[in-house]
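**Q** Dropping the structure in here first, questions after.
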């Protein structure tokens, strides 16, 4: 009789503990999710408006390629055994 009583109490306590743990975990995840959404909204609102200035534009080669389309680019390699 004592063993059955112990098992019932142990299972009841473990069930209660898991329920509380699940509740606190869900609330914590929800808080983190809402905080991330708020930070994302703040970053979106703080974007600068106006024109965009580009400091450097790379040189473009007109119509010249370093290699033929059929050949592809050669990559040297060493075989390792």
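The values are calculated or read from the model by the stated rules, or taken from the named source; none is laboratory data. All values reported here derive from a predicted model rather than from experimental measurement. Note that each Cβ is placed from the backbone with ideal geometry, even for glycine, and that neighbours are counted across all protein chains shown.
**Q** Considering (1) modelled with pLDDT of 95 or more; (2) in a loop (DSSP other than H, G, I, E, B), say which one residue 71 fails and leave the rest.
**A** Result: residue 71 fails condition (1) only.
**Q** Quick one: is residue 37 in a helix (DSSP H, G or I), within 37 Å of the chain's Cα centre (by Cα) and at pLDDT below 95?
**A** When the stated conditions are applied, residue 37 passes them.
**Q** Have a look at 50, 12 and point out the one that is on the phi > 0 side of the Ramachandran plot and free of Cβ contacts under 8 Å to residues at least 24 places away in the same chain.
**A** Result of the check over 50, 12: 50.
**Q** Given the criteria in a helix (DSSP H, G or I), within 30 Å of the chain's Cα centre (by Cα), at pLDDT 70 or above and surrounded by fewer than 10 Cβ atoms within 10 Å (Cβ to Cβ), does residue 31 qualify?
**A** no
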